[in-house]
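J.: Here you go, one structure.
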Amino acid sequence: MTAAPPADLIARLIEAVAATVTAHADELTALDQAIGDGDHGLNMRRGFDAVLAERDATAAKPLPDALKAIGMTLVMKVGGASGPLYGTLIMTMGKELAAGATPADAVRAFGAAIDALKARGKSEPGQKTMLDVLVPVHAALVADPRADVAAIAAAAADATIPMKAIRGRASFLGDRSIGHMDPGARSSSLIIAAVAGVLEG
Amino acid sequence: MANVGIVIVSHSAKVAEGAADMVRQMVGDQVPLAFAGGNADGGLGTDVGAIMAAIEAAWSDAGVAILVDLGGAETNSEMAVELLDEDRRGRVAVCNAPIVEGAVIAAAEASGGSPLAVVKQVAEELSPQ
């Protein structure tokens, strides 16, 4: 993340994330049908369609305000628990970042956003959730700002397959949640890969 | 009206409306009551904006107790509470209780003028400890 991201960068991030969510919506829904209520892909696509529709207005804002706007749109439009969860993550990043943030600031804001997400979801890593992707990605960035986060996120999402769900709808399944990738972990990994692709591109 | 208000939040508009109908029939109209069900497209899900509107509709200076069904309804209700004006946030409680029985018992308790903490506690006594 550059010190003063041009509007073009925010617009490209929005486009890349919306494109990956749309391309994988059916896959996310299939994962959610296995262990949730089968709406994760639909919900995420609805949310990011709305974010994409506001792309130009959002991209004209300073980065902190743009992140807050994206988070609020997800809160209002997604319609499932992933709305407040992704919304809280992204809004908190916006609150924690000042304009002119450095990459180190961004990593710190990401950490604060993960803490806010833990509070919102009343969850910790190891419970088969999106935290099982976000926490290892954050740890890797703290250790090395140039870490290959897309690969780390993909491996972390795969690592949710043998986990037993303790939070969220999947927790009702108990042991039957074992053997399926967590849909929120998968969507987190897809979004991280899309963001990394733009920032590194 | 000084009684605590009741808000019912379900993934299903029909469940939310039906639970509200039961509250009205069993408790009467002595408590402010509102419900939110379904996502913004009319499908199954919950809608933060609709939950905020329901809290507004059932608002009482004594506060509002929210009854929810599954996980996303709880998370979205907590998000809605956080987005309220600061002076209202502390007067809304999301109850850990079964949605239908919780709504009826909370409304019955509220109709007698009990404060929010008691309304919440009585509803939550329905949940396994």
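J.: In nanometres, what is the gap between the two model label sites at A:ALA139 and B:ALA53, each 7 Å from Cα along Cα-to-Cβ?
T.: Distance between label points: 4.4 nm.
J.: Between B:LEU84, B:ILE55, B:GLY102, whose Cα lies farthest towards the positive end of the dipole of chain B when Lys and Arg beta carbons carry +1 and Asp and Glu beta carbons carry -1, centred on the Cα centre?
T.: Most positive-ward Cα: B:GLY102.
J.: Here is a further query. Give the lysines reachable from A:LYS164 as a straight Cα distance under 26 Å; neighbours fewer than 8 places away on the same chain don't count.
T.: Counting by Cα, and skipping residues close in sequence, A:LYS164 has these lysines nearby: A:LYS118, A:LYS122, A:LYS128.
J.: Sticking with this structure for a sec: Mind checking the mean number of beta-carbon atoms from other chains within 10 Å of the Cβ atoms in B:49-55?
T.: Other-chain Cβ atoms within 10 Å of each residue's Cβ, averaged: 1.
J.: Straight-line reach from A:LYS61: which lysines have Cα under 24 Å away, leaving out those fewer than 8 places along the same chain?
T.: A:LYS77, A:LYS95
J.: Okay, moving on. What figure, in Å² to the nearest 10, do you get for the accessible area of A:HIS180 with a 1.4 Å probe and non-protein molecules left out?
T.: We get 70 Å² for A:HIS180.
J.: Tell me the angle of helix A:7-23 to the major Cα principal axis of chain A, expressed in degrees between 0 and 90 and rounded to the nearest ten.
T.: The angle comes out near 20 degrees.
J.: Run the simple label-point estimate for B:ASP21 and A:LEU173 please: 7 Å along Cα→C-beta, distance reported in nm.
T.: 3.3
J.: Additional query: What total accessible surface area, summed over both chains, is buried at the interface between chains B and A, computed with a 1.4 Å probe and given in Å² to the nearest 100?
T.: Buried: approximately 1400 Å² between A and B.
J.: Can you list the equivalent-ellipsoid semi-axes of the range A:7-200, largest first and in whole Å, using the square root of 5 times each Cα gyration tensor eigenvalue?
T.: With the √(5λ) rule applied to the range A:7-200, the semi-axes are 25, 19, 15 Å.
J.: Could you report the accessible area of A:ILE14 in Å², rounded to 10, computed with a 1.4 Å probe on the protein chains as they sit in the structure?
T.: 10
J.: Helix-only estimate, please: 222 nm mean residue ellipticity of chain A, summing -39500 (n - 2.57) across DSSP H runs of length 4 or more and dividing by its residues, to the nearest 500.
T.: Computed mean residue ellipticity for chain A: -22000 deg cm²/dmol.
J.: Hey, another quick one. Search the structure for amide H atoms under 5 Å from the amide H of B:ILE8, placed 1.01 Å from N in the peptide plane, and list their residues when 5 or more places away or on another chain.
T.: It is B:ALA34, B:PHE35, B:ALA36, B:LEU67, by chain and number.
J.: Under the 0.36 nm per residue contour assumption, what length would be gained going from the current alpha-carbon distance of B:ALA117 and B:ASP87 to full extension?
T.: Result: 9.1 nm gained on full extension.
J.: Could you tell me what a quarter of the Cα convex hull surface of the range A:73-155 works out to, in nm² with one decimal place?
T.: 5.8
J.: For the protein assembly as shown, how big is the tail of P(r) above 39 Å, as a whole percent of Cα pairs?
T.: Here the long-distance tail beyond 39 Å is 16 percent of all Cα pairs in the protein assembly as shown.
J.: To the nearest whole percent, what portion of all C-alpha pairs in chain B is separated by more than 22 angstrom?
T.: Percent of Cα pairs beyond 22 Å in chain B: 24.
J.: Using amide H atoms built 1.01 Å from N in the peptide plane, name the residues 5+ places from B:VAL92, or on other chains, whose amide H lies under 5 Å from its own.
T.: Placed amide hydrogens put B:VAL64 under 5 Å from B:VAL92.
J.: Shielding by partners for A:77-90, please: the mean number of other protein chain Cβ atoms within 10 Å of each residue's Cβ.
T.: 6
J.: If you stretched the chain out fully between A:ALA23 and A:LYS164, how much longer would it get, using 0.36 nm times the residue separation minus the C-alpha to C-alpha distance?
T.: Net length gain for the segment: 48.0 nm.
J.: Once label points are set 7 Å from the Cα along Cα→Cβ at both B:GLU125 and B:ASP29, what is their separation, rounded to one decimal in nm?
T.: Going from the B:GLU125 label point to the B:ASP29 one covers 3.0 nm.
J.: Could you give the distance between the Cα centres of the range A:172-201 and the range B:42-76, to the whole Å?
T.: Going from one Cα centre to the other spans 28 Å.
J.: In nm, what is the difference between 0.36 nm times the number of residues separating A:ALA147 and A:ALA34 and their Cα-Cα distance?
T.: Answer, rounded to one decimal: 37.5 nm.
The values are calculated or read from the model by the stated rules, or taken from the named source; none is laboratory data. Keep in mind that this is a model prediction, so the values were computed, not measured. Every residue, glycine as well, gets a Cβ built from its backbone with ideal geometry; the counts of neighbours run over all protein chains shown. What goes into the accessible areas is simple: the full protein's heavy atoms, side chains included, and nothing from ligands, DNA or RNA. Shrake-Rupley method; radii C 1.70, N 1.55, O 1.52, S 1.80 Å.
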